[in-house]
Amino acid sequence: MAEGRSFVAVASRRGWRTYAAARRRLTRAADSASVAALRRRGASLEAWHGSTSARHAQYRRDHRIAAGSAAIICVSKRPCHLRSVIETVAGQQECDAEFVLVPTGDGWNRERTNVALSELERGRVIWGAEESSLGEALNVGIAATAARFIAKLDDDDHYGPHYLADALRAHGFAGAGVVGKHSYYADVEGLDDRVLRFPGHDFSYASTLAGGTLVIDRERVGDLRFDHVSLGEDRAFIGACHRLGVSTYSADRFNFVQNRGADNTWQIGADLFLAGCIPVDSDAPEHAVDR
């Protein structure tokens, strides 16, 4: 019986890989004119940034938000960020998502937190995971909702008002299990200029995505969950998707800024973080984040 289950599991994984590969070929071939026109072989990075910026409004008109309910999940050990998180969730436009907060650590006041979450029509707190790892707490949040799409929100990053809606647009055409951002903006403590990490990797299938930008389609990833770790849980999740043949897609670079400071969970040297980044003028139209 064990051998039979093993054979079925292997066959299932192979089937998913075949399906995902075929789906990627189909979606790449059938991508709408607006997205296809954005990506021109041989175009310079400057031209790419200008084109993707200028055509973004048309891209929105051409692509509907994927059907299905959505939930935003935030695992946080920093009560000081709760106000900005609530404002971020309340400010999301074009989609009505529920919000699930999973507090960790010992700095939370339950009464004040519950009162704060009552400001959101569809907000709630899941207590009991205070001693959990980040990955385990994310799984607690996922288990608390029946939503099809799960958006992982980091408490210290910036999310624009159309962040979730645009991610769900990409889900509508990409056929991916996870949509996020490979190219994204970052503000780094001690630097005057905003930077763009991994430029030119928007609107493409990607092997890696920024952890704070993951929007998961549960209908495609099935029962896959985060590892019970507090560092690298996002990378491990994406790797598990790929082993199952589930694709991951990098959407546009807009409506998100990663804030890098001394209190980030992911500690990495500035030189390593900035490798491959380019400084950008945040006042330039092609690098306007919120749109």
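Okay, here's what the table says:
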quantity	calculated
Residue match in segment 214-225 (condition: without any contact (Cβ under 8 Å) to a residue 40 or more places away in the chain, closer than 30 Å to His49 by Cα and in a loop (DSSP other than H, G, I, E, B))	no
Unique match (being in contact (Cβ under 8 Å) with a residue 40 or more places away in the chain and crowded, with 19+ Cβ neighbours inside 10 Å) among Ala146, Ala137	Ala137
When residues of segment 182-195 are limited to those that are at pLDDT 95 or above and either β-branched (Val, Ile, Thr) or farther than 18 Å from Ser282 by Cα (or both), the one surrounded by the most Cβ atoms within 10 Å (Cβ to Cβ)	His182
Residue under evaluation Asp202, criteria (1) under 16 Å from the mean Cα position of the chain (by Cα); (2) within 25 Å of Ser76 (Cβ to Cβ), criterion not met	(2)
Segment 93-123: number of residues that are surrounded by 16 or more Cβ atoms within 10 Å (Cβ to Cβ), outside any loop (DSSP other than H, G, I, E, B) and in contact with a strand residue (DSSP E or B) (Cβ under 8 Å, 6 or more places away or on another chain)	9
Unique match (being over 23 Å from Ser133 (Cα atoms) and either touching a helix residue (DSSP H, G or I) at 6+ places or on another chain (Cβ under 9 Å) or in a strand (DSSP E or B) (or both)) among Val229, Val246	Val246
Whichever residue in segment 256-289 is of a type outside the set (Val, Ile, Thr), in contact with a helix residue (DSSP H, G or I) (Cβ under 8 Å, 6 or more places away or on another chain) and part of a loop (DSSP other than H, G, I, E, B) and, among such residues, is modelled with the lowest pLDDT	Trp266
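The values are calculated or read from the model by the stated rules, or taken from the named source; none is laboratory data. Computed from a prediction, not measured in an experiment: that's the story for all the values here. Heads up, the Cβs are rebuilt from the backbone with ideal geometry, glycines too, and the neighbour counts pull from every protein chain shown.
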